[in-house]
Amino acid sequence: KGRRWAPWRPKGITDRGLCAAEHLNHHPNIGKEAWQVERRVSQQVRGYRTQDGAGVNLVRVLGNRTIREYDPILMLDSFDSTNPDDYTAGFPLHPHRGIETISYVYRGFMTHKDSLGNEDTIGNGEVQWMTAGSGILHEEALPASERLLGVQLWLNLPARDKMAPPAYHSVKNADIEE
C-alpha cells in the first residue's frame, strides 16, 4: 500500500512524502522554472452527449471543435453507464492512421481486435494503447457489465511518427504496483 501507478513514474517510486509537483521538479526533463510560469485558464470546455461507433452513448469532451486549441489531443470521450443498451453495440471494424488511442476502463470491459492479429480484453482499472501509425484496422467490443466507466483519448502523432509501424499494448492490473 502507499504506492500508486502513474504512466510517467517508474515502479518503485511511492507517494509517501513526495507530491507529484516535487517529483516532477526532480524529473530530468522538467526544471523548477516550469513551475514558476504563471498560467491562466484560457478556455473551459463542456462535454456533450453523443453517439459513436454502432450507437455507443458517450460524452465527447474534446473533438472536432477543439482540435486547434488542444492539439495534439484530437478527441477525449467519457463512458459512464449502468445500462448495457448504451454501449454493447460497440465500435465495429474501422481504420485509423497517424494517431494513437489510449483507453482506460475503470469499471467494465473492452475487447480489442485488430488487423495485426491482436485480441485482448482490458477491464476494471486497465489500459490499452494503440499506435495506428501507418495504418491499422481495429474494432472494440464492450460486453455487458454492471457498469461501464472509462475514457478514451486520441492523440495526433508528430509528422515524423505518422508512418510508424502500428502496435498494440495493454497495461494489466498485474503490471501495476499497489
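Net charge in the neighbourhood of residue 158 (other residues with Cβ under 13 Å of its Cβ; Lys, Arg +1, Asp, Glu -1) is -1. For the pair residue 39 and residue 119, a Förster radius of 35 Å applied to the C-beta separation gives a FRET efficiency near 0.25, rounded to the nearest 0.05. Computed from backbone phi, the HN-Hα couplings of the range 166-178 come to x, 7, 9, 9, 10, 10, 8, 4, 5, 8, 9, 5, 9 Hz, rounded to whole numbers (Karplus: 6.51 cos²θ - 1.76 cosθ + 1.60, θ = phi - 60°; Gly and Pro given as x).
Computed from point charges on the beta carbon alone (+1 for Lys and Arg, -1 for Asp and Glu), the dipole magnitude for the range 30-178 about its Cα centre is near 660 Debye.
Ordered from highest to lowest accessible area with the whole protein assembly present and a 1.4 Å probe, 61, 37, 56 read as 37, 61, 56.
Once the Cβ-Cβ distance of residue 169 and residue 54 is raised to the sixth power relative to R0 = 25 Å, the FRET efficiency obtained is 0.50. Projecting label points 7 angstrom from Cα along Cα→Cβ for residue 83 and residue 46 puts them 2.2 nm apart. 3J(HN,Hα) along the range 73-79: 7, 8, 7, 9, 10, 10, 10 Hz, from the Karplus curve 6.51 cos²θ - 1.76 cosθ + 1.60 with θ = phi - 60°, whole Hz, x for Gly and Pro. Quick check: at a probe of 1.4 Å, how many percent of the accessible area of the range 32-147 sits on carbon and sulfur atoms? Carbon plus sulfur share of accessible area: 46 percent.
In a shell of Cβ-Cβ distance under 15 Å around residue 57, excluding residue 57 itself, what net charge do Lys and Arg (+1) and Asp and Glu (-1) give? Every neighbour counted, the sum reads -3.
Computed with a 1.4 Å probe over protein heavy atoms only, the accessible surface of the range 42-143 comes to 53 Å² per residue.
Taking other residues whose beta carbon is less than 14 angstrom from the beta carbon of residue 134, and scoring Lys, Arg as +1 and Asp, Glu as -1, yields 0.
The values are calculated or read from the model by the stated rules, or taken from the named source; none is laboratory data. Note that the coordinates shown come from a computational prediction; the quantities given were computed from them, not determined experimentally. Virtual Cβ from ideal backbone geometry, glycine too; neighbours counted across all protein chains shown. Ligands, DNA and RNA are excluded from the accessible area calculation, which covers all protein heavy atoms including side chains. Shrake-Rupley method; radii C 1.70, N 1.55, O 1.52, S 1.80 Å.
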